[in-house]
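Notes to accompany the following structure.
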Amino acid sequence: METELSKLSKKFQEDVLRSTLFNEEFDYVDIHEPVKLDLQKIKHGLTLAYKGLGILDFDTEAVIEKHIDAIEKAATSINNFIKDNTKPVYPNDVTPLTLLRRTKKINDLSSELQSNKKKIFARLDDYINLLNEFHDTKDFTLQDSKIGGLSIIKNRTNISINQLSSGEKQLIILLTEALLQKGKQTLFIADEPELSLHIEWQRKVISSIRRLNPNSQIIVATHSPEIVGKFKERTINMEKIING
């Protein structure tokens, strides 16, 4: 996932750099066309874009403010000229509008990047959400990608995975295996997945695996009626087959 994210970020940087080159779409300004602005949206989009590039700091925020002010001043000059063409328009009034168009382009690229990031990490988010849905007294989050692993909080205290019950460890194994299939068409085979799981968890575990990878074919050997409860029409009774 980090590799996919790195590729997206690299493409975003390339597209932003490419947008600085001459482009008729950006660089020809019609001073007879009214300029409509949503300055808050533009500022928010730029902030996200530079955050996506990893270069948002106090100095950059100050430059963004100047950038927005220049665009607003240019738009005001153009719109005043359209209302009263006796008021002159100077080159400095027009130039910032080329920045406006580039800004909108960068904002579009940033929105696309954020959308793709969400798609990449959607399964990971589902995984963490599922772990927390199964637990009332513990909170699961992901540690920093450089460290890896799960962070588990109980009563405001970090605990290790070794302190979990055998049922909790079993659940993590099953859900992690489903996550690692990356949504691909695979076989998920488990022998007695209900081991150490209390009844309520047994009822939900297969549906949770399917949620993490709906493209997986799940085959389990089980003695638990709770495991097969929702899937009776897909259950094979091996005893009947063996005994004819």
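The values are calculated or read from the model by the stated rules, or taken from the named source; none is laboratory data. None of the values given here were measured: they were computed from a predicted structure. As a convention, Cβ positions derive from the backbone with ideal geometry for all residues, glycine included, and neighbour counts pool all protein chains shown. Please note that ligands, DNA and RNA were not included when accessible areas were found on the heavy atoms of the full protein model with its side chains. Shrake-Rupley method; radii C 1.70, N 1.55, O 1.52, S 1.80 Å.
For the pair the range 202-221 / the range 126-167, the C-alpha centres are spaced 21 Å from each other. Sparse packing (at most 12 other Cβ atoms within 10 Å of the Cβ) combined with a DSSP loop state is found for the following chymotrypsin sites (Phe, Trp or Tyr not before Pro) in the range 7-108: Phe22, Tyr28. Excluding same-chain neighbours fewer than eight residues apart, the aspartates and glutamates reachable from Lys36 by a Cα-Cα span under 14 Å are Glu72.
Reported to the nearest whole Å, the Cα centre-to-centre distance from the range 54-79 to the range 82-111 is 12. Once you sort the root eigenvalues of the Cα gyration tensor of the range 106-244 as a ≥ b ≥ c, which label holds: rounded (a/c under 1.5), prolate (a/b larger than b/c) or oblate (the other case)? Judged from the Cα gyration tensor, the range 106-244 comes out oblate (a/c at least 1.5, b/c at or above a/b). Each Cα pair under 8 Å and six or more residues apart adds its separation to the average, and for the chain the resulting relative contact order is 15 percent.
Counting only protein heavy atoms and using a 1.4 Å probe, the accessible area of Ile55 comes to about 80 Å². Around the amide H of Ser151, modelled in the peptide plane, lie the amide H atoms of Thr141, Leu142, Gln143, all under 5 Å away and 5 or more residues distant in sequence or on another chain.
For the residue pairs Lys51/Lys119; Lys43/Lys138; Lys169/Lys240; Lys51/Lys184; Lys41/Lys118; Lys41/Lys182, the alpha carbons lie more than 27 Å apart in Lys43/Lys138; Lys169/Lys240; Lys51/Lys184; Lys41/Lys182. Counting only residues at least eight positions apart within a chain, or on another chain, the aspartates and glutamates with an alpha carbon under 16 Å from that of Lys7 are Asp15, Glu112. Of the residues Leu46, Leu187, Ile78, the one whose Cα sits farthest toward the positive end of the charge dipole of the chain, with +1 on the Cβ of Lys and Arg and -1 on the Cβ of Asp and Glu, is Leu187. By the gyration tensor of its Cα atoms, with a ≥ b ≥ c the square roots of the eigenvalues, what is the shape of the chain: rounded for a/c under 1.5, prolate for a/b over b/c, or oblate? Prolate, because a/c is 1.5 or more and a/b exceeds b/c.
Here is what passes the span test in the chain: the DSSP H helices with alpha carbon length of 27 Å or more along the helix axis and a Kyte-Doolittle mean of -1.0 or above are 58-83, 91-134.
Which residue, Arg234, Arg18, Arg203, has the most motion in a Gaussian network model of the chain that connects Cα atoms within less than 10 Å? Maximum among the listed residues: Arg234.
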